[in-house]
Structures are given as structure tokens and as C-alpha cells.
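Notes follow once the structure below has been shown.
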Amino acid sequence: MAAFRDFNLKLVVIDALTYRQDLLTPAFDLDARMRERGIDIPAVYVLENDIDDEVLDESRTFFEELVIGDELLAGVDTLCFDAGQEIYRQCAPAWGGEDDLFDIRTLDDLALLPNLKRVTAVDDGTLVAPGKWETFAARGIEAS
């Protein structure tokens, strides 16, 4: 099984497989988990508890421990680095997208995605890895 070095890149892959393609199921549902604890609105809860700028522990644990099989990874052909993805709301429900909480600093894990053909929001999202354009070009990945 694949092991990601960059947690934030893993989140982008999970977003593609779970919330965009519905292939990695069941989807993590922070709202439902928090309702079980008596919390109706997760965004209000994190703001009131001054934890809006961090990944919630239960989200981090779930996504860190989530195993993604090689066959699913091979099916990833497109990734989006936009800061508005669903995965980020599942981790930090009041995150405003203006800090580096979900910044992807390395593309070493691209080796886990042998069929990646296209990436979007390269300059407009969470991807801050140095040499990103050159890396994509060298791998024959269309980047915009």
C-alpha cells in the first residue's frame, strides 16, 4: 500500500477519489460525526473554540490512517489544488483559505499517481512546491 509523505497532497487525492469521483467510500462526514457529539454547526464550534486555523484531530486521524489502494491511485488522472475543495471543509470547517494550513510543499508523492495527466489551480490554490511547473512538464502532466 502507498504511503504519502505529504499529508496535504494526500488530502487532494482523497478529495478527487471521494468527493469528486465517489470511488473511495464511505466518505468522511464531519457534520454527521459532530452531530453525534451534540455539535450542530461545526464551523461555529471551531470559531467559538478558537480552533478554526487547524485540522481537527478526528479528521487528521481519519485521513492519516486512511489506506488508499494502488488500484485507486492508478485511477487518479486529474487533481485540483483549489483552496475551496470539500476535503478542506471536512478537516477545518471554518478555514478561510488565506493561510498555509493546507499548503503542499513537495511533489515527491506524484510517483504514487502513475496515470496523473492533468492538474488545475496550480498557481491559485494550495500548491506551493518549488519547481512545480518544471515537475509537471517533466512528467508530461498538463498544468493550468
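The values are calculated or read from the model by the stated rules, or taken from the named source; none is laboratory data. Model, not experiment: these values are computed from the prediction. Every residue, glycine among them, receives a Cβ derived from its backbone with ideal geometry; neighbour counts consider all protein chains shown. Ligands, DNA and RNA are excluded from the accessible area calculation, which covers all protein heavy atoms including side chains. Shrake-Rupley method; radii C 1.70, N 1.55, O 1.52, S 1.80 Å.
Values for this structure:
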{"item": "Gain upon complete extension [Phe62, Arg118; 0.36 nm per residue less C-alpha separation]", "result": "17.4 nm"}
{"item": "Computed accessible area, Leu101, all protein chains, 1.4 angstrom probe, square angstrom", "result": "40"}
{"item": "Vicinal HN-Hα couplings computed from phi for the range 123-128 (Karplus, 6.51 cos²θ - 1.76 cosθ + 1.60; Hz; Gly/Pro x)", "result": "9, 10, x, 9, 8, 10"}
{"item": "For the range 95-144: rounded, prolate or oblate by the Cα gyration tensor [a/c cutoff 1.5]", "result": "prolate"}
{"item": "Under DSSP loop assignment and at most 16 Cβ neighbours within 10 Å, longest trypsin sites (Lys or Arg not before Pro)-free interval of the chain", "result": "38-104"}
{"item": "Computed over the chain, Cα set: Rg, Dmax in Å", "result": "15.3, 50"}
{"item": "For Tyr45, solvent-accessible area (1.4 Å; no DNA, RNA or ligand), Å²", "result": "70"}
{"item": "Student exercise, the chain dipole from Lys, Arg, Asp, Glu Cβ charges, in Debye to nearest 20", "result": "560"}
{"item": "Distant-in-sequence amide H partners of Cys80 (H built 1.01 Å from N, under 5 Å)", "result": "Thr120"}
{"item": "Residue-level accessible surface for Glu71, protein heavy atoms, 1.4 Å, Å²", "result": "140"}
